[in-house]
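Undergrad: Questions regarding the structure given below will be posed in turn.
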Amino acid sequence: MSGSHKAVAERHGSGQATGGRRRRKRSRGRVVAVVLVSLLVLIVAAVGGIYLWLNADIKTFSGDGISRDRPAAGAGGQNVLVIGSDSRSGDNSSYGGGEGDVGRSDTAFLLHVYADRKHAVAVSIPRDTLVDIPSCRLPDGKWTEEQKDTMFNAAFSVGETAEGNPACTQNTVEKLTGLRVDHTVVVDFEGFSKMTSAVGGVTVCLPKDIYQRDLSPNRGSRGKLLFGKGEQTVSGQKALDYVRIRHGIGDGSDIGRIKRQQAFVASLIKKVKSQGMDPTTLLPLAKAATKSMTVDPGLGSVDKLVSFAMSMKDVDLHNTKFITVPWRYQGARVAIVRPQADALWADLKADRTIDGKDASGGSKSRKSPTPSPAESSASVSGAGISVAVYNGTGVTGLAARAAETLRADGFTVTGTATAASQDHTTTLVTYGPGEQEQAKTVARVFPGARLQPADAPGISVTLGQDYAADPSPSASAPTTLPSEVADTARSADTDPCSDLSYG
């Protein structure tokens with residue numbers, strides 16, 4: 001999407017996201033391990049007739065709603081957005097309780113598979129996180145206006161359709177992180193339930209006894225015992241109940257529930273790996289997974305899923321990490337802690353693990369590396385070139401940071417200001433008639449920047465999230481994720497009874 005999202009909305013026809021229906025109080029947290037698709041490899045290779053059977057089950061969502069103003073592709077690692085959908089429509093109605101058939105999502109994480117294909121990290125984004133939802137496509141083809149300071153899970157419900165709006169959630173995540181989402185996967189109630197049953201159940205742990213009222217807080221009495229304290233195996237509806245428990249544990253927050261969901265996914269991965277490649281287990285598991293998934297067009301067939309799965313086969317349990325984006329409470333909602341979060345996105349972009357190790361697998365040495373601003377500007381001479389700098393993001397101080405870099409390279413900075421909109425993903429260099437060559441020199445300071453001609457004279461830089469996420473030496477954000485954040489990560493081989501409650 002070129003230019004601002006507002007311009008796109010005007011070009012396609014304005015439309016507001018319809019959010020009139022009252023959100024249900026009893027929310028459902030849904031999770032799924034994307035790693036499960038790797039199990040398709042054996043089935044496709046060993047049982048040729050199964051290929052078409054599985055292929056027919058895979059659903060894709062339209063790519064028409066994916067923003068055209070996207071971050072550049074990464075150097076080697078892959079980013080997969082996983083969304084748990086809790087629509088009550090169709091076969092899902094027997095699993096969800098509640099009412100209504102509008103697709104909703106209370107669970108999402110961004111899975112980064114590092115370029116060395118030996119490490120992976122899943123970053124959970126709390127549903128109540130306040131974000132800017134960019135312009136999103138409605139079912140009638142119109143585009144919404146940008147929504148400021150809106151709950152993250154509202155993106156999936158834009159358009160109020162039963163299947164939800166995964167493209168809008170993807171656009172929102174790309175804007176939030178500055179990372180390109182290579183693939184998006186949506187998994188529904190029924191598939192989640194059947195996958196847990198297909199592996200014979202998943203080991204979970206509760207810090208205390210859980211009763212029916214802990215699941216449904218409006219209930220008059222505490223009801224029956226649902227889960228006893230300690231370690232146990234759950235599957236099907238029982239597994240759904242476990243991942244949606246929020247009340248009665250810790251402070252009853254969604255943050256605590258995320259911790260338990262991360263533990264659940266870790267345990268599920270561990271269970272699958274421990275069973276090995278047994279076709280009697282893999283067949284129903286693969287059938288449940290493919291039948292319940294809705295994926296982006298880039299993953300819309302078994303062979304594409306297999307190709308992605310093969311890229312993950314060497315990631316071991318200890319190097320599979322789970323973390324929640326750095327956050328803080330803002331009233332009843334959750335706000336992103338910017339310096340730490342920016343460092344996290346920068347680490348993923350550079351294929352650094354959360355403990356600061358290089359996991360690029362040598363990919364950066366095999367191809368021409370993308371220089372950092374400091375490296376690229378080392379040989380740039382800005383003498384005689386005047387530039388105005390605008391901050392096109394919500395990151396405070398970004399224009400001043402860029403201006404300092406430009407002045408160090410000899411450019412004349414005519415002024416700094418906030419751009420008309422703060423939804424720019426990619427840095428933009430605009431130039432007037434006869435100034436293209438000078439603009440190219442400016443663009444060398446901002447690798448990946450786009451050039452755009454204008455009728456009025458003068459050169460300006462509108463900074464995007466790609467610049468905000470780059471931890472150059474002059475950046476205010478730390479160059480690596482602070483240890484106090486990295487230390488909260490869970491590995492897939494962590495004891496299932498450890499660190500299950502927040503508050």
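Undergrad: Applying the selection to region 165-203, what residues are basic (Lys, Arg) and touching an Asp or Glu at 6+ places or on another chain (Cβ under 9 Å)?
TA: Listed by number, the residues that qualify are LYS175, ARG180.
Undergrad: Pull up region 375-400, narrow it to residues that are at pLDDT below 85 and open to solvent by less than 50 Å² (accessible area, probe 1.4 Å), then point me to the one that is farthest from GLN465 (Cα to Cα).
TA: VAL380
Undergrad: Oh, and also: Quick one: PHE446 ticks every box in (1) part of a loop (DSSP other than H, G, I, E, B); (2) under 25 Å from the mean Cα position of the chain (by Cα); (3) at pLDDT below 85 bar one, so which box is it?
TA: (3)
Undergrad: Restricting to region 86-104, name every residue that is modelled with pLDDT of 70 or more and touching a Lys or Arg at 6+ places or on another chain (Cβ under 7 Å).
TA: ASP86, ASP101, VAL102
Undergrad: Considering only region 190-280, give the helices (runs of 4 or more DSSP H) lying wholly within it that have at least 2 residues that are touching a residue at least 12 places away in the same chain (Cβ under 8 Å) and within 23 Å of ILE125 (Cβ to Cβ).
TA: Counting at least 2 such residues, we get 236-244, 254-275.
Undergrad: Within the bounds of region 150-159, is there any residue that is of a type in the set (A, V, I, L, M), open to solvent by less than 10 Å² (accessible area, probe 1.4 Å), under 23 Å from ALA122 (Cβ atoms) and part of a helix (DSSP H, G or I)?
TA: Yes, some residue in region 150-159 is of a type in the set (A, V, I, L, M), open to solvent by less than 10 Å² (accessible area, probe 1.4 Å), under 23 Å from ALA122 (Cβ atoms) and part of a helix (DSSP H, G or I).
Undergrad: Can I ask one more? Could you identify the single residue in VAL334, VAL325 that is at pLDDT 75 or above, within 28 Å of ASN153 (Cα to Cα) and within 15 Å of the chain's Cα centre (by Cα)?
TA: VAL325
Undergrad: Now for a separate question. Might you let me know whether region 417-436 holds any residue that is among the polar types (S, T, N, Q), within 23 Å of ASP69 (Cβ to Cβ), in contact with a Ser or Thr (Cβ under 7 Å, 6 or more places away or on another chain) and open to solvent by 30 Å² or more (accessible area, probe 1.4 Å)?
TA: Yes - at least one qualifying residue is present in region 417-436.
Undergrad: Additional query: Would you check which residues across region 242-262 are among the acidic types (Asp, Glu) and open to solvent by less than 20 Å² (accessible area, probe 1.4 Å) and list them?
TA: Answer for region 242-262, where residues must be among the acidic types (Asp, Glu) and open to solvent by less than 20 Å² (accessible area, probe 1.4 Å): just ASP254.
Undergrad: Another one. Report, by residue number, each residue of region 287-319 that is hydroxyl-bearing (Ser, Thr, Tyr) and either in a loop (DSSP other than H, G, I, E, B) or over 28 Å from PHE61 (Cα atoms) (or both).
TA: Matches in region 287-319: SER301, SER311.
The values are calculated or read from the model by the stated rules, or taken from the named source; none is laboratory data. Everything quoted here is computed from the prediction, not taken from an experiment. Positions of Cβ are backbone-derived with ideal geometry, glycine not excepted, and every protein chain shown enters the neighbour counts. Surface areas here come from the heavy atoms of the whole protein model, side chains and all, with no ligands, DNA or RNA. Shrake-Rupley method; radii C 1.70, N 1.55, O 1.52, S 1.80 Å.
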